[in-house]
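A.B. asks: Provided herewith is a single structure, encoded as structure tokens, for subsequent inquiry.
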Amino acid sequence: METPRAFSDEVDTGSSKKMRQKQQARANFRFRRIGICSSGIILAIPGPWRDRKELIGAIVKANAGQAIAAGMILMDVTAKRHAEFQVWERDDDLAQAMFKGSGKTLDADTVAAIERHAIVPTLTIDATAEGLAERLAFFSGVMRKAGGVAVKVDKSGVCHPWERWERRLTANPWDLYYALMVSVADAGRISSFGMKQFERPDASIPEAGGPDVAQTLAAFNIYQWTEQPVFKDGHTFSPEADAQRYRLMHIEDHRYGQDHPYTNPQGLWQLTPG
């Protein structure tokens with residue numbers, strides 16, 4: 001599928017530069033483990049390593065000099081690009097969190113391997129960088145070769161076994177969206193989590209709108225991400241010219257506490273038929 005063609009009479013995509021500048025100032029948030037400020041896509045990739053030294057040795061050995069880790073940087077030696085690289089202490093809840101975040105698709109051996117982890121390495125990758133899917137594939141691939149077990153997208157909670165993760169890392173925005181985002185049905189609405197990775201609000205839509213509402217929600221979010229429109233309260237959105245139109249209202253994100261990793265400081269667009 002291609003990037004969705006959205007129809008909104010009121011949206012001015014030409015003024016999105018100013019909006020992005022404002023959002024950049026609001027983009028920082030507290031990362032749950034020690035409260036550091038960070039932005040971008042954070043991947044947690046547990047594995048069999050006992051400590052940081054063992055992990056760095058495994059990265060060098062498995063990647064034949066194509067990648068090195070030094071300080072807080074994981075470097076692509078050939079392309080001269082990097083991801084932020086950090087190592088955290090064991091998280092006792094990680095195995096079950098990743099099992100649930102995968103839609104309970106991680107097999108028993110993978111869950112058991114996650115449970116045995118001693119450290120949690122994370123990679124932070126700039127979501128605005130050119131060739132995002134390829135960057136994600138390279139740096140997560142470095143960790144897989146070194147023994148990484150599975151992938152957790154920290155700002156949405158979605159988790160993947162390696163095969164599904166790598167299958168979704170394409171130039172198609174729909175594939176990449178489903179690699180990085182998750183939608184949850186609750187209290188009669190379907191809500192997205194993870195749009196703060198792109199410095200955009202999340203969104204919610206009435207669950208009773210029919211079988212296509214989840215796809216409409218995804219289309220809205222992909223449109224936000226790829227086109228950077230400047231929405232305002234009262235604007236309308238439709239994924240196709242003859243489809244149901246939704247009126248927009250922006251609210252603060254109170255679905256979790258202020259410092260929770262899934263809370264979006266950019267807020268939430270509520271889509272209502274009309």
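A.B. asks: Residue 233: surrounded by 15 or more Cβ atoms within 10 Å (Cβ to Cβ), in contact with a strand residue (DSSP E or B) (Cβ under 9 Å, 6 or more places away or on another chain), of a type in the set (D, E, K, R) and not in a strand (DSSP E or B), yes or no?
C.D. replies: No: the conditions fail for residue 233.
A.B. asks: Considering only the range 236-252, how many residues are over 19 Å from residue 214 (Cα atoms) and in a loop (DSSP other than H, G, I, E, B)?
C.D. replies: 1
A.B. asks: Only residues that are within 20 Å of residue 102 (Cα to Cα) and surrounded by fewer than 22 Cβ atoms within 10 Å (Cβ to Cβ): list them for the range 141-163, please.
C.D. replies: First pass over the range 141-163, keeping only residues within 20 Å of residue 102 (Cα to Cα): 141, 143-144, 147-163.
Residues satisfying the conditions are 141, 144, 147, 157, 161, 162, 163.
A.B. asks: Hey, another quick one. Out of the residues in the range 37-68 that are over 21 Å from the mean Cα position of the chain (by Cα) and within 25 Å of residue 158 (Cβ to Cβ), which is surrounded by the fewest Cβ atoms within 10 Å (Cβ to Cβ)?
C.D. replies: 48
A.B. asks: Related question: If we keep just the residues of the range 224-259 that are among the basic types (Lys, Arg) and in contact (Cβ under 8 Å) with a residue 40 or more places away in the chain, which is nearest to residue 202 (Cα to Cα)?
C.D. replies: Restricting to residues being among the basic types (Lys, Arg) and in contact (Cβ under 8 Å) with a residue 40 or more places away in the chain, the top hit is 255.
A.B. asks: Check whether at least one residue in the range 120-130 is surrounded by 17 or more Cβ atoms within 10 Å (Cβ to Cβ) and over 23 Å from residue 195 (Cβ atoms), and report yes or no. Spell out the reasoning first.
C.D. replies: Residues of the range 120-130 that are surrounded by 17 or more Cβ atoms within 10 Å (Cβ to Cβ), as a first pass: 120-125, 127.
Next, from what is left, pick out any that are over 23 Å from residue 195 (Cβ atoms): 120-121.
Yes, there is a match, as at least one residue in the range 120-130 is surrounded by 17 or more Cβ atoms within 10 Å (Cβ to Cβ) and over 23 Å from residue 195 (Cβ atoms).
A.B. asks: Please give the number of the condition residue 10 fails out of (1) within 26 Å of residue 160 (Cα to Cα); (2) in contact with a His (Cβ under 6 Å, 6 or more places away or on another chain); (3) modelled with pLDDT under 50.
C.D. replies: (1)
A.B. asks: Moving on to the next point. Quick one: would you say residue 262 is part of a loop (DSSP other than H, G, I, E, B) and free of Cβ contacts under 8 Å to residues at least 60 places away in the same chain?
C.D. replies: So residue 262 does not fit the description; no.
A.B. asks: Search the range 164-192 for residues being of a type in the set (A, V, I, L, M, F, W, C) and closer than 18 Å to residue 272 by Cα, and hand back the single one that is surrounded by the most Cβ atoms within 10 Å (Cβ to Cβ).
C.D. replies: 190
A.B. asks: Right, residue 5: at pLDDT below 95, surrounded by 15 or more Cβ atoms within 10 Å (Cβ to Cβ) and part of a loop (DSSP other than H, G, I, E, B) or not?
C.D. replies: When the stated conditions are applied, residue 5 does not pass them.
A.B. asks: What pairs come up if the first residue lies in the range 163-177 and is under 20 Å from residue 45 (Cβ atoms) and not assigned by TED's automatic domain parsing to the domain that holds residue 148, the second is surrounded by fewer than 17 Cβ atoms within 10 Å (Cβ to Cβ) and among the basic types (Lys, Arg), and their beta carbons are under 9 Å apart, counting only those six or more places apart or on different chains?
C.D. replies: These pairs meet every condition: 175/167.
The values are calculated or read from the model by the stated rules, or taken from the named source; none is laboratory data. The model shown is predicted, which means the values in this text are computed figures rather than measured ones. Every residue, glycine among them, receives a Cβ derived from its backbone with ideal geometry; neighbour counts consider all protein chains shown.
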